[in-house]
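Contents: one structure, followed by commentary.
The values are calculated or read from the model by the stated rules, or taken from the named source; none is laboratory data. Please read these numbers as outputs of a predicted model, since none were measured by experiment. Don't worry about glycine lacking a Cβ; one is built from the backbone with ideal geometry, like all the others, and counts go over all protein chains shown. In case anyone asks, the SASA skips ligands and DNA or RNA and just uses the protein heavy atoms, side chains included. Shrake-Rupley method; radii C 1.70, N 1.55, O 1.52, S 1.80 Å.
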Amino acid sequence: MPTLNIARTNMTGQSAASQEGMFDHNIVPGQLRTEDDSGLVATAMPSPRLSWQLLADRQSVEQIAYQLQVADDPLFEEKMLLSPVVESGSTSFAPWPWEPLRSRERRWWRVRVRTDIGWTKWSDASPIEGSLYSRCDWSARPVSPVSNAGLPERSAVHLLRREFEADKVISARLYITALGVYDMTVNGRPISADLLEPGWTDYRHRTLFSAYDVLPLLRQGRNCLAAQVSEGWWRGELGWLGQRGHYGDTTALLAQLELECQNGDRLIVATDGSWRGSCGALEFAELYDGVDVDRRREPAGWRVAGFDDHRWERVVELDLPAGLEQRSMPAVRVLEVREPVRAEWSGNLLKIDAGQNLAGMLRIRASGPRGASVKVRHAEVLDAQGALHTAPLRNARAADNYRLGGTGEEILEPMFTFHGFRFAEIACDTGVEISRVEVVWVGSDLDYSGRFECSDKSLNQLYANTVASQKCNFISLPTDCPQRDERLGWTGDIQVFAETACFNADSRSFLANWLKDLATEQRADGNVPSTVPNILHGHAFEYAGVGWGDAATLVPWVLYTIYGDLGVLGRQYSSMRAWVDYGVSRLDGDGVWAGDFHLGDWLDPGAPPDRPHEATTDRDFIATAYLSVSARRVAQAAAALGKCEDAIVYEALSDNVAAATWRRWNDVAVKTQAGCGIAIMFGIAPVSERAKVGRLLAELVDANQGRIATGFLGTPLVLPALSNTGQGAAAYRLLLNRACPGWVYQVDRGATTMWERWDAVGEDGSLHAGAMSTEEANSMISFNHYAYGAVSEWLYRTVAGLSPDPDYPGFGRIRFAPEPGGNLSWASASIITGYGTAAIRWDLAEHGLDVELVVPPAANATFFCPPGLALPGAKHVKELGSGRHMLQLRRI
Ligand code: BGC
């Protein structure tokens, strides 16, 4: 637990508290934050919701009420405003109680809470600053060198620069984005560690910008802003059809530096016609293909003041991009730098094994003659001869080519790209020396604070693989894979993985950001494209049907249950409803959704390898069942948002559709693992038949020798369906099965990320060809797809036994319900919730089970005994307040 300084107590606060007589000196509110997770200097929302945690040194702390204060100074002396006392037990997402922040406005806020004992002191103060909230705030315009404008073809990365004078500056804010991806320096120093900015959004409607404090980078006198802008998602190649320029044919930089000087002067240095542009060392940089760099072409000193740019090109000014909005989620950054586990020379080739499949690049220290070449290729796996197996990359070149500047030791690291790889080969010209190679892992810098561990090493590796695949596929948006010519926001993949993602990491703002694009990309009739942002216009797979479209309803619901974020539910509500209404419009006279195209239980191992959508579970059954569960989520969302009429309508719809599904498919559904999983978990099988369907599912598992038989949609449902119907033993058999297909099978074959296909590596060690029947997608064999990693949700919820109580979203009440099984002798899990850390560990013991629990302050918990065990007094359920608890369970 972090230690917190006790805040100064404000006189107003003190008197208010003493009027009520009681103080609670043992509790300190801290960890103040807004719903903006960007880490930027300004706040994306003018009325951000506010959160805190309580630091407590006693058990059973309850928050009864809170009060907020805002002022113009950290001592709360100027323009101080006090909110009313709000009765609430929640420490997350308190509505902003005052006038919205104005653009650039700087204030301070703090909180105190009334616990079951009395008022705490005021927390430390936390600064809050308005961003640019209106288009009128922008005097800057996107600029591009004339020769770079209107270029449909790949071109060199362009450079842009501008010098300016600064005198006794006391504040400097840089608001910045690009059509493309950029890097920016002030006097040669990077403005941040953020990469691939501004990320990929539905640029037709939304363009994110960032706000940085660049005061420490400025100097008295002459200064220089210098940037590079590359294709990125804006103009670069996207998708397996080799199309470029999805958003425009001109890449450009939009930057506005606002300076405040000691004498009160305000100065704006904005991108406009006064900037100058050129090209440099980066001959090109593309997301899929990598970079070509010629170090000899880098103009010396162009990033600092005094460089002569009078021969550089003029720039053109473009219109402001659509929907300028400050980024509110963490940026892409370097997540980790590691040494390769193997680096071996073979002739002029240096062969690298990173020891981990990941997304990123190599950082190479090399020296050699001017113009000497160093070429780096990447692959996820090696073939039988030990060579890089690049077929799975399809048309992604995934290579970085350098020509040395010959200036001594040079650091070679690509910009504006990333590769999905574990293995690499560095081919060097004669005379090139390599002194060091590091492996750089990049991804959106989320707080990966979830933990799961148990006594079985294979399960620990499986869990680690699910986290690794999340890190590799959460790069600005949730993607399918990081290595081939896709890396698209496939809606179905995140639909099944969202809950695991939220257990593994604080994924709230990241997914909430993506959901905004989902809503803007939704068709007028409510249909949801299979990739968001949508670049598949007119393709047969542009609308992939249920399971994919249901990301619209199921992902917001996950964010609500895990984080208690009612705001995201409110914002997405019409999108959620529109998707369900679209489904309703597809129902036939029998009330079922039949005959439309759906990807269905994609990659079911029983489907023909080249036709993954021809799964063994009936697609129409899946479609109608999904409509029922999505309607249920809309009803629940409506109830949470106080839309009572909608709640009644969609609840009834869900029931009717479930009944129609069961009427039509009750015999078919129980023939496959996915069918049973859906029938149980989506409430399709009537309550009276659930246990029977559970038994049938366990029999199917046995008949398949404990092997999984599901694709993307069925996989997350099978284990919970078994454990929810008293078939825990079958669930553990399925989880721990070592034969193909199976989770542990992948681990036994050395997987360090989740594979796209269960049999990506055959039992004889051969690599799957990845066959697809459509020529355009001739191979589909990624070693880094997270869909099957949705199993981690069950590891947290059921193996360790940690989840939010569904009636108290956001872990206000924690549900501890471990189900020990298989060969496990202990398991543990922890999550940093909005209240603080929630954790569990259990150990098998002679007498039964020892359990240790941590409940964060202001939350509470219910502990449910696993079957066959009881608490003292023969109890099976125990209510717990916050704090640490040790329980001893005995066999009965
Ligand atoms: C992607 C998937 C996606 C699927 C649907 C694949 O190429 O990699 O993960 O969901 O297509 O068609």
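Of all accessible surface on the chain at a 1.4 Å probe, what whole percent is carbon and sulfur?
Here carbon and sulfur together make up 49 percent of the probe-accessible area.
Suppose every K and R has +1 on its Cβ and every D and E has -1 on its Cβ; what is the size of the dipole of region 143-218 about the Cα centre, in Debye to the nearest 20?
Computed charge dipole of region 143-218: roughly 100 debye.
Just add up the charged neighbours of Asn348: K/R +1, D/E -1, any other residue whose Cβ is under 13 Å from the Cβ of Asn348.
Taking every other residue near Asn348 into account, the sum is -2.
With the contact rule set at Cα under 8 Å and sequence spacing of 6 or more, what percent relative contact order holds for the chain?
10
Taking +1 at the Cβ of each Lys and Arg and -1 at the Cβ of each Asp and Glu, which of Tyr448, Leu569, Ser882 sits farthest along the dipole of the chain towards its positive end, judged by Cα position relative to the Cα centre?
Toward the positive end, the furthest listed residue is Ser882.
Going toward the positive end of the dipole of region 661-788, with +1 on Lys and Arg Cβ and -1 on Asp and Glu Cβ, which of Gly762, Met772, Leu700 do you reach last?
So the residue furthest toward the plus end is Leu700.
What whole number of Å gives the distance from the Cα centroid of region 43-66 to the Cα centroid of region 218-257?
39
How high is the relative contact order of region 518-635, in percent, with contacts defined as C-alpha pairs under 8 Å that are six or more residues apart?
That works out to 25 percent.
How about region 71-165: which trypsin sites (Lys or Arg not before Pro) there are in a DSSP loop, with at most 14 other Cβ atoms within 10 Å of their Cβ?
Lys79, Arg102
Net charge around Arg422, counting only other residues with Cβ within less than 10 Å of its Cβ (Lys, Arg = +1; Asp, Glu = -1)?
It works out to a net charge of -2.
With a cut-off of 8 Å between alpha carbons and a minimum separation of six or more residues, what is the relative contact order of region 699-794 in percent?
Relative contact order of region 699-794: 26 percent.
Please report the Cα spread of the chain along all three principal axes, rounded to whole Å, starting with the longest.
Cα extents, longest axis first: 83, 78, 58 Å.
Rolling a 1.4 angstrom probe over the protein heavy atoms, how many square angstrom per residue are accessible across region 818-892?
I get 43 Å² per residue for this part.
How large is ³J(HN,Hα), in whole Hz, for each residue of region 595-603 in order, when computed from phi with the Karplus curve 6.51 cos²θ - 1.76 cosθ + 1.60 and θ = phi - 60°, using x for Gly and Pro?
x, 7, 7, 9, 6, x, 7, 2, 6
5 Å is the cut-off here: which amide hydrogens, built 1.01 Å from N in the peptide plane, fall below it relative to Ile64, excluding neighbours closer than 5 in sequence?
For Ile64, the qualifying residues are Arg114, Thr115, Asp116.
So what are the ³J(HN,Hα) numbers for region 175-185, from phi and the Karplus equation (6.51, -1.76, 1.60; θ = phi - 60°), rounded to whole Hz, Gly and Pro as x?
Once θ is set to phi - 60°, the couplings for region 175-185 become 9, 8, 7, 8, 8, x, 10, 10, 10, 9, 10 Hz.
Taking H as built 1.01 Å from N, whose amide H comes closer than 5 Å to the amide H of Gly443, not counting residues under 5 places away?
Those lying under 5 Å, H to H, from Gly443 are Arg333, Leu335.
Pairs of lysines 8 or more apart, or on different chains, with alpha carbons under 28 Å: count those in the chain, would you?
So the count works out to 10.
Kindly report, to the nearest 10 Å², the accessible surface of Met329 as traced by a 1.4 Å probe over protein heavy atoms only.
Here the residue's solvent-accessible area equals roughly 10 Å².
Roughly how many debye, to the nearest 20, is the charge dipole of the chain about its Cα centre, given +1 on each Lys and Arg Cβ, -1 on each Asp and Glu Cβ, and no other charges?
1100
Show the residues, 5+ positions off or on another chain, whose built amide H is closer than 5 Å to the amide H of Ala827.
Hits under the 5 Å cutoff: Trp842.
When the expected Rg is taken as 2.2 N^0.38 Å, what fraction or multiple of it is the alpha-carbon Rg of region 455-601?
Output field value: 1.09.
How much accessible area per residue does region 262-373 have, counting only protein heavy atoms and a probe of 1.4 Å, in square angstrom?
So region 262-373 comes to 45 Å² accessible per residue, rounded to a whole number.
Could you put Lys168, Lys878 in order of accessible surface area, largest first, with the 1.4 Å probe and the full protein assembly present?
Sorted by accessible area, descending: Lys168, Lys878.
In terms of solvent-accessible area of protein heavy atoms at a 1.4 angstrom probe, what is the ranking of Asp807, Asp667, highest value first?
Asp807, Asp667
Heavy-atom accessible area per residue, region 432-561, 1.4 Å probe: how many Å²?
Value returned for region 432-561: 20 Å² of accessible area per residue.
Provide the per-residue ³J(HN,Hα) series for region 648-658, in order, calculated from phi with Karplus coefficients 6.51, -1.76, 1.60 and θ = phi - 60°, each as a whole number of Hz, with x at glycine and proline positions.
5, 4, 6, 5, 5, 4, 4, 4, 5, 5, 4
Order Cys261, Cys279, most accessible first, counting only protein heavy atoms with a 1.4 angstrom probe.
From most accessible down to least: Cys279, Cys261.
Could you compute the net charge surrounding Val580? Neighbours are other residues with a C-beta less than 13 Å from the C-beta of Val580; K and R count +1, D and E count -1.
The answer is -1.
Compute the distance from the alpha-carbon center of region 514-574 to that of region 807-821, in whole Å.
After rounding, the separation between the Cα centres reads 27 Å.
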